[in-house]
Amino acid sequence: MKSSLIKLTAMLALLVAGGVALAQDIQERTIRFGHLNNPDHPTSTGVKKFAELVAAKSGGKIKVQEYPSSQLGNELQQQSALQGGVQEMLVASTTSLAGIVKEFGLFDFPFLFSNAQQADAMVDGPLGKLLSAKLAEKGVVILGFFDLGFRNVTNGKRPITKAEDLEGLKLRVIPNPVFLETFRTFKANPIPLPFAELYGALESKAVDGQENPYAVILSSKFYEVNKYVSATNHVYATNPVQISKRFWDKLSPAEQKLLQEAAIEAQNYQRVVSREVSGKAVAELKAKGMVFNDIAPAELARMRAEVKPVHDKFAASYETNVVNLFRSELERVSKL
């Protein structure tokens, strides 16, 4: 009997060491997980994968309920609900986080990255960790970063082949100072609108166009209300996986570990899916009737140079140590 007890103790120690939580450390919980995109979008795929992983890791005790398509409110409303502890989880853009920790605006600087691997290295690295730590002090914990992809301009008037083609266009942008300043630099007329209102604004011609990754353009059926899609690739958009700190602090260490592990596994899965979808989306948009055009590398370089003052203006208002880290990290990832 003594031998059996020793074996059982050793087995339990191995289970705990291997990251398998004891049953009493996991309580019955339901997590409301909101986002802005439609159920056929890669963001939703990532949320579903997270829900599946959490159910498996918790033995079915923790249930994740998805609320897509802005069902829990627009981005800023959900962000506020998260800080207040009314909503448990959200995946949305870094742009809304800039209203809480303004240095998140660094991720919205135009023309930072040449590929998604550079962006991953930036958000997964020291800068992403530093900004996440600052955000936790404001009531939001970051568990990972989903891929949204490079943002591109669509509109109903003309192809964008050079900076001058943006002049005078009424473009919906995320309510974010960096985005507004970027498009004002190109003499466009940027109009901040919640995403949930965008399709109607395009349909009524209250705005001429908008900018989003290809997968969002396809999933949201913007091809029905815009004719032209141009490969501006002006900003890489990452979507932080967020959890309310008020909710997080109620969890046991085992539950926190479980959710963190599930989030990273879901993040890695979602990034692959999102980039596969983006790679196919252009052909589908063209098949739906959109007119697609690339932009010559020389013109993109000219646009990049034109918005350099935007970088300088906002960097001057951010914490110096954060900006210095951003610049060193940008130099590091640019070699990838």
How big, on average over all directions, is the shadow cast by the Cα convex hull of the range 190-262, in nm²?
-> 7.1
Rounded to the nearest 5, what is the percent of antiparallel bridges among the DSSP beta bridges in the range 26-333?
-> 55
Quick one: length gained pulling Leu336 to Asp294 fully straight, 0.36 nm per residue minus the C-alpha distance?
-> 12.8 nm
Any idea what the dipole of the chain comes to, in debye rounded to 20, about its Cα centre with Lys/Arg Cβ at +1 and Asp/Glu Cβ at -1?
-> 300
What full-extension length gain, to one decimal in nm, is calculated for Asn268 and Thr30 as 0.36 nm per residue of separation minus the Cα-Cα distance?
-> 83.3 nm
Would you please put 88-94, 200-206 in order of how densely packed they are, using the mean number of other Cβ atoms within 10 angstrom per residue and starting with the highest?
-> 88-94, 200-206
In sequence order, calculated HN-Hα J values of the range 126-138 (Karplus, 6.51, -1.76, 1.60; Hz; x Gly/Pro) | x, 5, x, 5, 5, 5, 4, 5, 5, 5, 4, 5, 9
Degrees, to the nearest 10: 297-306 long Cα axis against longest axis of the chain = 80
Can you give the convex hull volume of the alpha carbon atoms of the range 26-333 per residue, in Å³?
-> 115
Any chance you could check the Cα centroid distance between the range 260-277 and the range 47-86 for me, in angstrom?
-> 16
For the range 82-237, the convex hull over Cα atoms projects on average to an area in nm² of 9.1
Mind checking the dipole of the range 240-279: about its Cα centre, +1 per Lys or Arg Cβ, -1 per Asp or Glu Cβ, Debye to the nearest 20?
-> 160
Under a 5 Å amide H to amide H cut-off, with H placed in plane at 1.01 Å, what residues pair with Phe150 once short-range neighbours are removed?
-> Ala237
Overall dimensions of the range 52-126 by Cα: Rg and Dmax, Å | 15.6, 44
So what's the angle, to the nearest 10 degrees on a 0 to 90 scale, between helix 253-287 and the longest Cα principal axis of the chain?
-> 30
Add +1 for every Lys or Arg and -1 for every Asp or Glu among the other residues with Cβ under 9 Å from the Cβ of Met122, and state the total.
-> -2
From the residues Val272, Val178, Ser114, which one has its Cα farthest along the dipole of the chain in the positive direction, the dipole being from +1 and -1 charges on Cβ of Lys/Arg and Asp/Glu about the Cα centre?
-> Val272
Rank Pro68, Asn239, Ala262 by how far each Cα sits towards the positive end of the charge dipole of the range 26-333 (+1 on Lys, Arg Cβ; -1 on Asp, Glu Cβ) and give me just the farthest.
-> Pro68
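Laboratory data are not the source of any read-out in this text; all were calculated from the coordinates shown. If you're wondering where the values come from, they're calculated on a predicted model, not measured in any experiment. Methodologically, a virtual Cβ is constructed for each residue, glycine included, from the backbone with ideal geometry; neighbour enumeration extends over all protein chains shown.
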